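**Student:** Encoded as structure tokens, here's the structure I'll be asking about.
Computed from the coordinates by the stated procedures, all read-outs in this text should not be read as laboratory data. Predicted model only: the values in this text are computed from it and were never measured. As a convention, Cβ positions derive from the backbone with ideal geometry for all residues, glycine included, and neighbour counts pool all protein chains shown.
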Amino acid sequence: MALSSDEAVEQVFALLDASRERGYFGEQVTQLEHALQAAQLAQETGAGDVVVAAALLHDVGHLCTKQSTEHEQHGANYLRRLGFPESVALLVASHVDAKRYLTAVHPDYAGRLSAASQESLRQQGGPMTLEDSLRFRTEPGFEDKLRLRAWDEQAKQPGLETPPLESYRPLLLRVLNSA
Ligand SMILES: [Fe+2]
């Protein structure tokens, strides 16, 4: 039976809340801080509900499974099962490809990535081929995928104050109820 929107938010909040002590892969923030900083960056640029939700939830794949590879696909599938719309799942599923795209088309982009992010890029297949990057550029949500990627890179600031997880409940409910 499908979850209600309230139950879906409870589940995803429980996962994120449990990550408040969990480090974020060699960075100076926890998983929860990383998620909250990404969501705040999205809100500060006036992004819509779907994009803010994707920013908050983009790394949920690291929390909903113990498998270390393809976290973006696990996260997207988890969010689909909870009832999130495809628009959110697609953004979440693409945040690794956005990095592979940017490192392919902007050779200096890889040099600006943190050491941990450069290492994960290598494990994720490295920069896209020219053919793949041309295709990626024409896919739906291209601009939002790149924006999410930029926030992902920036959301690693130790000690930054952000609104709490709970403040996103109404937004997530709107997104779930629109699906
Ligand atoms: Fe991230």
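**Student:** Enter the per residue convex hull volume of the range 42-115, computed from alpha-carbon coordinates, in Å³ rounded to the nearest integer.
**Tutor:** Taking the convex hull of the Cα positions in the range 42-115, it is 111 Å³ per residue.
**Student:** Measure nothing but the geometry: give the 0 to 90° angle between the long axis through the Cα atoms of 142-154 and the longest principal axis through the Cα atoms of the chain, rounded to 10°.
**Tutor:** With both axes taken from Cα atoms, the answer is about 90 degrees.
**Student:** Mind jotting down a quarter of the surface of the convex hull over the alpha carbons of the range 5-178, in square nanometres, one decimal?
**Tutor:** 9.2
**Student:** Next question, about the same structure. Taking the Cα atoms of the range 108-179, report the difference between the largest and smallest coordinate on each principal axis, in whole Å and largest first.
**Tutor:** Here the spans come out as 41, 34, 19 Å, largest first.
**Student:** So, one more: All other residues with a Cβ under 15 Å from the Cβ of Glu21 taken together, and with Lys, Arg as +1 and Asp, Glu as -1, what is their net charge?
**Tutor:** Values: positive: Arg20, Arg22; negative: Asp17, Glu27, Glu33.
Every neighbour counted, the sum reads -1.
**Student:** Helix-derived [θ] at 222 nm for the chain: sum -39500 (n - 2.57) over DSSP H runs of at least 4, divide by residue count, nearest 500?
**Tutor:** When only DSSP H runs of four or more count, the value is -18500 deg cm²/dmol.
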